[in-house]
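The values are calculated or read from the model by the stated rules, or taken from the named source; none is laboratory data. Nothing here was measured: the structure is a model prediction, and the numbers come from that model. Note that each Cβ is placed from the backbone with ideal geometry, even for glycine, and that neighbours are counted across all protein chains shown.
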Amino acid sequence: MLKPYLYMSKEVEEALKAGQPVVALESTIISHGMPYPKNVETALKVEEIIRNHGAVPATIGIIGGRLIAGLSPEEIDHMGKAPDIAKVSRRDIPYIVANKKDGATTVASTMIIADLAGIKIFATGGIGGVHRGAETSMDISADLEELSSTGVAVICAGAKSILDIGLTLEYLETKGVPVLGNGTDELPAFYSRKSGYKVDYRIDTPEEFAKVLKTKWDLGLKGGALIANPIPEAYSMDADFISGVIEKAVEEANAQGIKGKETTPFLLAKVKEITGGDSLEANIQLVYSNAELAAKIAVELSKLA
Ligand code: PSU
Ligand code: MN
């Protein structure tokens, strides 16, 4: 039934068939999260890191209406360069596919396609969440609903304070999504290692992560897990400085009336502009670190299967 919709690269298909570890990667971070050509360089380097740690990368996106798990380097370049690629979350998939359009997949839609393909582990930078002011705007990312219903674990660098971190954690609790810290009791805040909020459980090895995930899915508990990996110390930014920057970016978004799916890309671009690119370098480094952890967890999970 999936045949006319889902396309896997040969490498990804063979790895999955053989029970080898595979790590999914999203494409909104490429098309809407970073500028060209850094976005493409980063995406290719992330794939290399995953390979170097014994797993097969599957960068996910939609091209000409095809749901693709395992974009080629040329397709990744297209995702990074073309100016008009839609940002596609769960609600957008049917329209984009039916009309044979291109789409960059968010965390939510990447989880959906990973799940269709049979990939359990997914690395990214940051997820969407409950936005500041959501009590009136109701801006809550579809990523959170997806984490509650689709069985894919997402490795990220915690929650960015463009979001209301406390409300994001409350939402995840309500929806039964475990929030697990890699070597930390504290939820990292993307650009910095501290947020002032706790994770549900601290876990110290990829093997332990794999055990918890396997147990969840063996028990038939639906949904994924959020694995929060602090940005490497050497690249972390001063928490007060970055909060001030984000404050300014949020004010500007409000002043310009930015809403809906534009909000996250707008805030990311503003933060980058204000920090003169330092935030971009931090963003790239944390993605590399998440890719490495994801590959190690995927390797351990494949041993348990
Ligand atoms: N956070 C980042 N970088 C990103 C995103 C979030 O630091 O690129 C992207 C991801 O694709 C995420 C999406 O799934 O933004 C969330 O968008 P929204 O809030 O519109 O659901
Ligand atoms: Mn939103």
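Being within 10 Å of ligand 1 (Cβ to nearest atom), in contact with a helix residue (DSSP H, G or I) (Cβ under 9 Å, 6 or more places away or on another chain) and closer than 21 Å to Ala269 by Cβ is true of Ile162. Whether a residue is out of contact with any strand residue (DSSP E or B) (no Cβ under 6 Å at 6 or more places or on another chain) and within 30 Å of Pro21 (Cα to Cα) was assessed, and Val88 does not pass this test. How many residues are surrounded by fewer than 22 Cβ atoms within 10 Å (Cβ to Cβ) and part of a loop (DSSP other than H, G, I, E, B) when one looks only at region 162-176? Qualifying residue count, region 162-176: 3. Just one of the listed residues (Ser243, Ser236, Ser302, Ser279) is surrounded by 18 or more Cβ atoms within 10 Å (Cβ to Cβ) and modelled with pLDDT under 95, and it is Ser279. Has region 187-204 got any residue that is outside any helix (DSSP H, G or I), within 17 Å of the chain's Cα centre (by Cα) and either within 16 Å of ligand 2 (Cβ to nearest atom) or modelled with pLDDT under 95 (or both)? Within region 187-204, not a single residue is outside any helix (DSSP H, G or I), within 17 Å of the chain's Cα centre (by Cα) and either within 16 Å of ligand 2 (Cβ to nearest atom) or modelled with pLDDT under 95 (or both). A residue that is closer than 24 Å to Arg132 by Cα, more than 16 Å from ligand 2 (Cβ to nearest atom) and of a type in the set (Asp, Glu) cannot be found anywhere in region 206-228.
On the basis of being under 23 Å from Ser302 (Cα atoms) and away from ligand 2 (no atom under 13 Å from the Cβ), does Ser149 make the cut?
yes
Given the criteria modelled with pLDDT of 95 or more, under 19 Å from the mean Cα position of the chain (by Cα) and either small (Gly, Ala, Ser) or part of a helix (DSSP H, G or I) (or both), does Ile68 qualify? In short, no. Cβ-Cβ contacts under 8 Å between residues 6 or more apart (or on different chains), taken from a first residue in region 256-279 that is in a loop (DSSP other than H, G, I, E, B) to a second residue that is of a type in the set (Asp, Glu), are listed as Lys259/Asp139. Only one entry in Ala108, Ala114 is more than 8 Å from ligand 1 (Cβ to nearest atom), among the hydrophobic types (A, V, I, L, M, F, W, C), closer than 17 Å to Val88 by Cβ and assigned to a helix (DSSP H, G or I), namely Ala114.
Of the listed requirements (1) in contact with a Leu (Cβ under 7 Å, 6 or more places away or on another chain); (2) of a type in the set (Val, Ile, Thr); (3) closer than 27 Å to Gly223 by Cβ, Ile68 misses just one: (1). For Ala157, the conditions (1) within 16 Å of ligand 2 (Cβ to nearest atom); (2) buried (at least 22 other Cβ atoms within 10 Å of the Cβ) are fulfilled apart from (1). Here Leu180 meets each of (1) modelled with pLDDT of 95 or more; (2) within 16 Å of ligand 1 (Cβ to nearest atom); (3) of a type outside the set (S, T, N, Q); (4) buried (at least 21 other Cβ atoms within 10 Å of the Cβ) with one exception, condition (2).
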